[in-house]
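A quick write-up on the structure given underneath.
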Amino acid sequence: MAPPSPPLLFISFLLSLLALSSSAATTAAATVTLSLTPFLPNHPRSSSSSSAASASDDNSSWQSEMLNLLATSSLTRARHLKKHNSSASPTSTKVPTFPRSYGGYSIDLGFGTPAQSLTFVMDTGSSLLWFPCTSRYACASCVFPKSDPSKIRRFIPKLSSSAKRVGCRNPKCAWIFGPTAASRCRDECGSSGRNCSQQTCPPYLIQYGSGNTAGLLVSETLSFSGGRKVPGFLAGCSLFSTRQPAGIAGFGRGPESLPSQMGLQRFSYCLLSRRFDDTSASSDLVLDPAPGSGGDSKTKGVVYTPFRANPGHPGSAFKDYYYIGLRKVLVGGTAVKIPHRYLVPGADGNGGAIVDSGSTFTFMERPVLDAVAEELERQMANYSRAKGVEAQTGLRLCFDVSGRGDTMTVPELSLHFKGGVRMMLPLENYLVPVRERRSEAACVAIVTDDASIGPEMSGGPAVILGSFQQQNFYVEYDLENERFGFRKQTCKVK
């Protein structure tokens with residue numbers, strides 16, 4: 001099913017805002033490095049020792065509010081991914097990647113001639129790349145910590161000599177709207193007798209769970225530092241968004257994604273700890289379009305598990321996702337009993353596990369997390385549940401660790417994938433410390449579809465591996481060999 005088209009008046013509004021030329025762009029090969037930065041507000045600090053008590057209360061409130069925000073946004077993101085409707089010899093490139101306040105990681109890319117620098121959230125769970133577009137771009141409900149909607153960087157088409165609209169006869173229009181886009185053009189033009197050679201591809205409207213964006217497709221030149229250019233890059237010129245404080249760079253498996261359009265053989269990243277959120281610190285996102293040697297070369301120290309075949313029909317949005325073969329979850333060396341149907345995706349798209357950089361906390365379908373939580377509680381029987389903290393943070397499982405000092409006995413949590421590959425999660429990747437006035441708690445950073453947060457979900461991936469659990473891991477998407485790789489390491493801060 002193609003994405004729903006906005007009303008006619010909105011279409012006219014979109015067309016009236018865009019004045020795009022049809023100039024061509026040139027290309028050159030070069031190595032590019034992008035910076036990844038996380039999005040989260042800085043922790044409030046007391047200004048003097050006399051206000052320590054007040055500052056402590058403020059910090060407790062801030063912590064609970066931010067965890068609740070991230071838990072809720074992670075769950076909303078999971079709903080979107082699970083219920084998502086279909087829509088239709090250079091060297092490696094490194095891009096700085098920055099952590100940001102709403103739970104994602106951002107990169108800066110250049111578009112246009114001359115290049116205009118824009119900020120994007122890297123998202124492996126979707127494929128279209130879009131940017132805030134024109135001086136009239138509007139974003140509703142875009143007030144986030146450390147994010148001012150009035151300062152969102154916008155692409156201005158009239159300042160670029162290489163910008164042009166995408167026609168509905170353009171094969172790239174079908175990447176978004178499917179093969180019916182071209183036939184619809186022929187039908188409309190044939191019935192009216194008009195010359196429709198310049199007919200524009202329909203406006204898009206994309207839902208992201210927590211928000212949406214709408215605009216027109218454009219062809220532009222993507223530029224990297226060092227001189228490398230990618231002409232004719234399909235991108236979304238968004239004129240209106242809800243709860244999207246930056247553009248989104250889709251790194252999914254669709255033909256419109258950045259990896260697909262650049263012909264990447266692999267890309268990799270190392271996500272900084274959340275303590276660097278909204279600072280100038282960044283790590284590298286490496287884009288490698290080098291032709292494969294035909295061999296099975298592996299990155300040193302990296303273990304690999306193959307990508308699973310994506311479920312669903314050819315037009316299904318599940319085709320955008322990176323499915324991996326989760327075999328079992330271990331708590332303290334004990335395998336948790338998880339029904340097989342949650343671990344393996346069915347033909348209808350239900351079940352299985354995906355990797356998603358756009359989700360903050362990992363999502364597990366309720367029966368899966370129930371089993372994990374039961375085993376955690378059994379092995380942590382010396383700690384009582386912190387029900388009040390659970391209610392305030394929105395996290396399912398919190399333990400009272402007050403008076404324990406710096407010592408705490410916690411079982412190891414690990415994910416086992418096809419091929420005997422094991423991801424052992426460091427303590428800081430699955431437990432979040434929370435201070436509530438005079439008490440302390442530790443919460444498991446995994447969300448599920450609890451009735452207290454929202455209606456029970458069914459269908460779609462049963463496990464979504466979020467970015468919080470990927471902190472300080474080198475993560476590699478080997479597209480040439482169809483496999484997912486990782487190794488534990490401390491990400492280098494730039």
Quiz item: Any idea of Leu431's accessible area? Nearest 10 Å², probe 1.4 Å.
Solution: 20
Quiz item: Using heavy-atom solvent-accessible surface (probe 1.4 Å) with all chains present, what is the largest-first order of Met408, Met262?
Solution: Met408, Met262
Quiz item: Taking amide H positions as placed 1.01 Å from N in the peptide plane, with prolines and chain starts having none, which residues 5 or more places from Phe240, or on another chain, fall under 5 Å of its amide H?
Solution: Ala138, Ala214
Exercise. Would you rank Ile324, Ile156 by solvent-accessible area, highest first, keeping every protein chain in place and using a 1.4 Å probe?
Key: Ile156, Ile324
Quiz item: Accessible area of Tyr208, 1.4 Å probe, to the nearest 10 Å²?
Solution: 10
Quiz item: For the residue pair Gln489 and Arg341, what label-to-label distance in nm results when each label sits 7 Å from Cα along the Cα-to-beta-carbon direction?
Solution: 4.1
Quiz item: What FRET efficiency comes out for the pair Ile156/Asn472, r = Cβ-Cβ distance, R0 = 51 Å, nearest 0.05?
Solution: 0.85
Exercise. Between Thr242 and Arg378, with labels modelled 7 Å along Cα→Cβ, what's the label distance in nm to one decimal, could you check?
Key: 4.4
Quiz item: How much solvent-accessible surface does Ser106 expose, in Å² to the nearest 10, with a 1.4 Å probe and all protein chains in place?
Solution: 0
Self-check item: Proximal lysines relative to Lys337, as straight alpha-carbon distance under 23 Å, when same-chain residues fewer than 8 apart are discounted
Solution: Lys82, Lys328, Lys418
Self-check item: Largest to smallest accessible area among Leu330, Leu36 [probe 1.4 Å]
Solution: Leu330, Leu36
Quiz item: Amide H of Leu413: which non-local residues (sequence gap of 5 or more, or other chain) have their own amide H closer than 5 Å, using H built in the peptide plane?
Solution: Gly332, Leu425
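The values are calculated or read from the model by the stated rules, or taken from the named source; none is laboratory data. Small disclaimer: the values here were computed from a predicted structure and weren't measured. We place every Cβ from the backbone using ideal geometry, glycine too, and count neighbours over all the protein chains shown. Note: accessible area is taken over every heavy atom of the protein model, side chains too, but ligands, DNA and RNA are not part of it. Shrake-Rupley method; radii C 1.70, N 1.55, O 1.52, S 1.80 Å.
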